[in-house]
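The values are calculated or read from the model by the stated rules, or taken from the named source; none is laboratory data. On a predicted model such as this, the values are computed, not experimentally measured, just so you know. Cβ sites come from the backbone with ideal geometry, for glycine too, and all protein chains shown count toward neighbours. In case anyone asks, the SASA skips ligands and DNA or RNA and just uses the protein heavy atoms, side chains included. Shrake-Rupley method; radii C 1.70, N 1.55, O 1.52, S 1.80 Å.
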Amino acid sequence: MHHLRLFALLGLGGIAAIALVLVGARQEWSAPNILRPAPGIIDLSNWRPTRDGPVRLTGAWKFFDGLWQSEIGGQPGRARAAHVPGPWPLKDPNSLIPRKNGFGTYHLSIILPAGLDEPLAINSGQILSAYRIFLDGTLLSHGGRPASLARDEQARTYSRVVTLPTNGRVLTLDIELSNHVNAFGGIYVAPTIGTADAIAGRHDALVVFSLILVGAMLFAALYHGAAFAFSGRAFGLLAFALFAALMSTRTMLIDPLADFAVPLIGQDWVWRVDYAATMMILPAAYWFFCQSFPTYVHNRLTLWVTGLCASTALITLTAGAAAGHYALKAFELLAVVAIGYLSVGLSRAALANEIGARVAFVGWVASAAAVIHDILLDQYAISGPGLVPFGFLAFLLCLSGSILTRVNSSFRSSEHKSEVLGAANEKLEQRVKERTAELQNTISELKVREQELEQAREGALAASAAKSRFLATMSHELRTPLNAILGFAELIQKELYGPAGDPRYVEYARIISESGAHLLSLIRDILDLSKVEAGKFELHEEILCAGDIVEEALRLAGSKSEFAHDVATIVPRSLPKVRADRRAAVQILVNLLSNAAKFTPAGGKVFVEAEQGADGGLSIRVRDTGIGMAPEDIPKALDAFSQVDQGTARRHEGTGLGLPIARSLMELHGGRLSIESVKDQGTTVVLYFPPNRTVLPNAA
């Protein structure tokens, strides 16, 4: 069904185009009583000027070589038939194409009706390229100056309106012409005879219409160009502005307005610019339709159409009117193809009810028919006036209607969108009010929560300070009785004041001494951690050798009962010394070695390695082959009083303070402690002293 509608729309457009084309040929049939008994004779005996209207003097004329009246003095030479309108019969030998350069005389005898008392006039039509019109041997009018040599010729091809004397029944009309500019000479538009009022009225009306068309096109070009300048992105407006500007240029360079441009730029350049503007109209129109109906007219062909038309226009401007004539023929083939493609695209858009598409399609059919008419006119297939200005005026009016339709649709759409936006705005304002109230409530709650958090933070800080003070006090208070317990237990264990009696007392004293020593170590760790957290731990720095620190830590760690592993050390003596607190550095290594021994089963290995980094810092690495831990348990191992094995029946004793104290002491030195561990494979702890803590041996 869709295809049937498409074919129907195209059929109606074709019928309209044919009707417009036939308008151009109507002059051939407007006076059915006209007779042409022989070449060079036209019998108007039965013609009634008022009733039948003007008559176009088409058909077979006589053609004589040479400028008859000017050079031969009215004596006819060899005559041949020449069809008007059409190119002259001058051809080079063995060629079917009319010759470009040449000159000659057209001759026609006109038999007028008897008793004719109305004044007559003749419109000379368009004659290529310079001409003189003689009536009964008397110069009647001229366009330029015809000559046998190119240097003497002054081309001016456009029409003249001249009043004819009606003293006799037979008028002898001679037209001398020459051509050295265009592709060939001849009579392009046949002369027209009629009453003086009718001929002058038609000519004046055409001039007025052309001026109106030029004004309308210039206004449209300026208006749409300004609209594009304001919008910046509506390229359809720019395309239509270019189209209107080119159309106004072409209208000014064709009959009847072109006659005013010839004195300014010459006939050759009038044709050059006319042809070039005509060729560039097609890409402008194509671009406009691409922008207006992109779904149905594809933009990918725009560059091809523009390139081909620009090439023919450039040839015309550079090579002259004769080359432009043949370039125009190639352009006409492209125009016919483009007309077909655009007609299908616009008809599809019209059937799809695209906004403004139907009005644009009607205008396009009118302009396309006018273009086809003028192409046929250029091929001398028909005769008559050019219809392109009329077609494009219809096109302009229809496009104006299309634009108004679009504007109206846009206005209605804007009103609807305005209503929708108004309702949405009301909802949005209501939602904003609600959301503002929610935010105010949330802000109030956050302020209350902030105050609570600040109070909690202050309480936590106070509790932490109290805890630190408590731990420091308790540590000090516990160490005094513990020292007494350890001293008396040692006296009993060594039996310094005599035998204890039962050997079990000695064993009990040993257990008391070891337990007290463990408790004293725990108190010392708690006291150190409290000092670090309170910022009261003071470093007593000195220049230390890495090997000495490791040896002292190994000696202290080896004195503990649980340390029963051999330790492999790799600590080169060439390493730089380190500036640190001796007790803190030794305590860090003792804690790490104790952990390594605690979590490494019998038969496992412990390694202590030291090396200087590329940045000059010093690294001490404690590595074991023990039980290790999962990577996610490492942060837990670094928390105070926290252990990876949290079960009530955990396998390893300890308070969980060794690693946190070691890390805190390293941070006090500006260094860092890092752990790498793999479950069931072992753990590596790296102590890093930055370059500002290292001292070269010579500097020490």
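Summary table below
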| item | result |
| --- | --- |
| Residues of segment 54-66 that turn out to be of a type outside the set (Val, Ile, Thr), at pLDDT 90 or above and either closer than 10 Å to Gly194 by Cα or in contact with a Phe, Trp or Tyr (Cβ under 9 Å, 6 or more places away or on another chain) (or both), as a count | 6 |
| Among residues of segment 312-324, those that are under 18 Å from Leu242 (Cα atoms) and open to solvent by 40 Å² or more (accessible area, probe 1.4 Å), counted | 1 |
| Boolean, Val344 is open to solvent by 30 Å² or more (accessible area, probe 1.4 Å), free of Cβ contacts under 8 Å to residues at least 40 places away in the same chain and in a helix (DSSP H, G or I) | no |
| Options Leu211, Leu164; residue that is modelled with pLDDT of 90 or more and of a type in the set (A, V, I, L, M, F, W, C) | Leu211 |
| Strands (runs of 3 or more DSSP E) lying entirely in segment 53-169 (those with 3 or more residues that are open to solvent by 50 Å² or more (accessible area, probe 1.4 Å)) | 79-84, 138-145 |
| Residues of segment 220-241 classified as among the aromatic types (Phe, Trp, Tyr) and in contact (Cβ under 8 Å) with a residue 24 or more places away in the chain, total | 2 |
| Filter pass, Leu303 being at pLDDT below 85, open to solvent by 10 Å² or more (accessible area, probe 1.4 Å) and either polar (S, T, N, Q) or assigned to a helix (DSSP H, G or I) (or both) | no |
| Members of segment 600-620 found to be open to solvent by 20 Å² or more (accessible area, probe 1.4 Å), over 20 Å from Ile543 (Cα atoms) and in a strand (DSSP E or B), listed by number | Phe607 |
| Given (1) within 19 Å of Leu44 (Cβ to Cβ); (2) polar (S, T, N, Q); (3) in contact with a strand residue (DSSP E or B) (Cβ under 6 Å, 6 or more places away or on another chain), index of the condition Asn167 fails | (3) |
| Test: residue in segment 325-332 that is among the small types (Gly, Ala, Ser), outside any helix (DSSP H, G or I), open to solvent by less than 60 Å² (accessible area, probe 1.4 Å) and modelled with pLDDT under 95 | no |
| Every pair of residues 6+ apart whose Cβ atoms lie under 9 Å, when the first sits in segment 82-93 and is aromatic (Phe, Trp, Tyr) while the second is open to solvent by 40 Å² or more (accessible area, probe 1.4 Å) and in a loop (DSSP other than H, G, I, E, B) | Trp88/Arg99 |
| Any hit, segment 464-483, residues being modelled with pLDDT of 75 or more, in a helix (DSSP H, G or I), open to solvent by 70 Å² or more (accessible area, probe 1.4 Å) and of a type in the set (D, E, K, R) | no |
| First in segment 663-676 and open to solvent by less than 70 Å² (accessible area, probe 1.4 Å), second anywhere and in a helix (DSSP H, G or I), Cβ under 6 Å, 6 or more apart | Ser664/Val532; Leu665/Ala584; Leu665/Ile588; Leu673/Ala662; Leu673/Arg663; Leu673/Met666; Ile675/Ile634 |
| Flag for Ala597 being at pLDDT 90 or above and surrounded by 15 or more Cβ atoms within 10 Å (Cβ to Cβ) | no |
| Residue pairs meeting the criteria (Cβ under 8 Å; at least 6 apart or on separate chains; first touching a residue at least 24 places away in the same chain (Cβ under 8 Å), in segment 619-635; second among the acidic types (Asp, Glu) and open to solvent by 30 Å² or more (accessible area, probe 1.4 Å)) | Ser619/Glu611; Ile620/Glu609; Arg621/Glu609; Arg621/Glu611; Arg623/Glu609; Ile627/Asp680; Gly628/Asp680 |
| Whichever residue in segment 569-594 is of a type in the set (A, V, I, L, M) and part of a loop (DSSP other than H, G, I, E, B) and, among such residues, is surrounded by the most Cβ atoms within 10 Å (Cβ to Cβ) | Leu575 |
